[in-house]
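Have a look at the structure below, then the notes.
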Amino acid sequence: MEEKLINKNIDIEKMVYDTAIKLLDYDKIVQSSKEDKYYLEVEGEKFNIYDELTLSDGLPSLCILYGELNEQYPEEEWDIKGHEYIKKIVPLLENRSDMNLSMFSGLSGIGLSTVCLSKSGKRYKNFISSVNSLIKNNLENTLKHLEDKSGLSDNDYDAISGISGVLNYCMLFKDDMKKEINKMLKYIVNLSKYKKNMEIEVPGWYIESNNLHTKKEKEIWANGFFNIGLSHGIPSLLINLCNAKQLGIEVDGQQEAIEKFSSFLFNYRLDEKNGYGWNYTVSFEDYKNNTRPQEYCRDAWCYGTPGVAYSLLIAGKTLNNNEYINYAIESMKIAAKRSKDAISPTFCHGYSGIAYISNRFYELTNINEFKSISLELCDKVISFYNEKNRFNFIDVEKKEDKICYYNSVGIIEGVVGIILTLLSIKNGRKTPWDTAFSLNDYKNRI
């Protein structure tokens, strides 16, 4: 099909170039790290939580961007620019003994960023090997801590801070890290087993109220819930299991776990008379009474229909279940067009994430409508472009009744995720950056 990308009044390559050049100004990045977004107030005192070693907001996201740019435009030597940020990461990491294993705030994210800048593994071999060794050496203790702790939190297993994100990274090294992959798969399979709670059987991914993060959450879900967002819920676990199976890696109970996770998501979709899609969570009450949520939440990568539909599409293909596949396709078409509560160009909760997932649907189904939708959403993203902004794009968030604007650098809520999306939809993705979002096609891309 003819791709009528994108807003005809904007030169996409110039826009990408100008943004990438702005991101070379390290002083401006440091300046952005001091904005209100990165301050947390605890007992009347404010603390800056920005960490330049995190993929979510820091230097690794820039390495991913320059790695992708170098593959897209090798004659422009973006790899040299990315190397300057690698040189900043190495000594910082050497002086840190508290790095966790996670994707967005830990070693997996640092590893992924270096892989993307490595020219398909030809460069930074020793550094990548060192990061992988740290993950190998610490995984056993991490899993033991999770298994021994009282109750489950979503950041134990999720794609952002938990095992799912670590597994996403390790599957890039399916031969060298097969032992570690198997251990994490067994952890996920164990989560799929049922246990007794309040006199009824509940899935192991049930989160009790006292393990929720905020007072407000504990009030809303007094009896706990089941998280069904791609960022913090079971869709990422389902994708993990399916991806591993696609790579020929299986452990006992894996097939049954795929069936359990996908069946749960399908059962707790909205009744079609209320619209297509999913809510943020399934409450304990809805589970106990076997009732479906009555309203869909925002449409985004992090929560809502796009992320969940993607996981169900992958599961449907793995299980040869056309009912799952057809519902995933239909719900994604509807969600991408309505884009409920999307007000930002960013990946996590904005138009970039919806656009990229739409494009992944096109790649997986060959349905031209998804390509058209992804291009239309790219136009939405580009409409936010403004050279007067510090990095050309800004993150837009609604907090209570107030609209807030932030100069965010990172991949998840910042300009890096936006540029990567536009580049990949325009030219095709060249590095495995989408591994961070549980969207990588390992079998066809490694």
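The values are calculated or read from the model by the stated rules, or taken from the named source; none is laboratory data. Please read all numbers here as calculations on a predicted model, not as lab measurements. When we count neighbours, we look across all protein chains shown, and the Cβ atoms used for this are built from the backbone with ideal geometry, even at glycine. Heavy atoms of the whole protein, side chains included, go into the accessibility calculation; ligands, DNA and RNA do not. Shrake-Rupley method; radii C 1.70, N 1.55, O 1.52, S 1.80 Å.
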**Message:** Looking at the chain as a GNM with Cα springs under 10 Å, which of Ile357, Ile403, Ile411 has the largest mean-square fluctuation?
**Reply:** Ile403
**Fill in**
For Lys125 and Lys337, extending 7 Å from Cα along the Cα-Cβ vector and measuring point to point gives, in nm, a value of 5.2 nm
**Prompt:** What is the spin-label model distance, in nm, from Lys398 to Asn155 if the labels are put 7 Å beyond Cα along the C-beta direction?
**Reply:** 2.6 nm
**Linear extension gain, Lys87 paired with Val30, 0.36 nm per residue minus alpha-carbon span** = 18.9 nm
**Request:** State to the nearest 20 debye the size of the charge dipole of the stretch 199-351 about its Cα centre, where the only charges are +1 on K and R beta carbons and -1 on D and E beta carbons.
**Result:** 600 debye
**Prompt:** With contacts defined as alpha carbon pairs under 8 Å and 6 or more residues apart, what's the relative contact order of the stretch 97-230 in percent?
**Reply:** 20 percent
**Asked** What residue among Leu101, Leu319, Leu377 has the largest mean-square fluctuation in a Gaussian network model of the chain, using Cα springs under 10 Å?
**Response** Leu319
**Asked** Over the stretch 1-123, what is the mean sequence separation of C-alpha contacts under 8 Å (at least six apart), divided by residue count, expressed as relative contact order in percent?
**Response** 22 percent
**Asked** Based on the alpha-carbon gyration tensor of the chain and its eigenvalue square roots a ≥ b ≥ c, which shape applies: rounded if a/c is under 1.5, prolate if not and a/b is larger than b/c, or oblate?
**Response** rounded
**Prompt:** Tally Lys and Arg at +1 and Asp and Glu at -1 over the other residues with C-beta under 12 Å from the C-beta of Val166: what net charge comes out?
**Reply:** -1
**Request:** Would you tally the net charge around Leu59, using a Cβ to Cβ cut-off of less than 12 Å, leaving Leu59 out, and scoring K and R as +1, D and E as -1?
**Result:** -2
**Fill in**
A 1.4 Å probe over the protein heavy atoms gives the stretch 102-147 a carbon and sulfur accessible-area percentage of 46 percent
**Fill in**
When the charge dipole of the stretch 140-249 is computed with +1 on Lys and Arg Cβ and -1 on Asp and Glu Cβ about the Cα centre, the Cα farthest towards its positive end, among Ser161, Leu230, Asn190, belongs to Asn190
**Asked** So for the pair Lys216, Glu41, with labels modelled 7 Å out along Cα→Cβ, what separation do we get in nm?
**Response** 1.3 nm
**Message:** Restricted to Cα positions, what overall size does the stretch 330-446 have along the principal axes? Three whole-Å values, descending.
**Reply:** 41, 29, 23
**Prompt:** Build a GNM of the chain with springs between Cα atoms under 10 Å: which of Val308, Val282, Val30 gets the top mean-square fluctuation?
**Reply:** Val30
**Message:** So for each of 335-343, 152-160, 33-41 I average, over its residues, the number of other beta carbons within 10 Å; can you give me the resulting order with the highest mean first?
**Reply:** 152-160, 335-343, 33-41
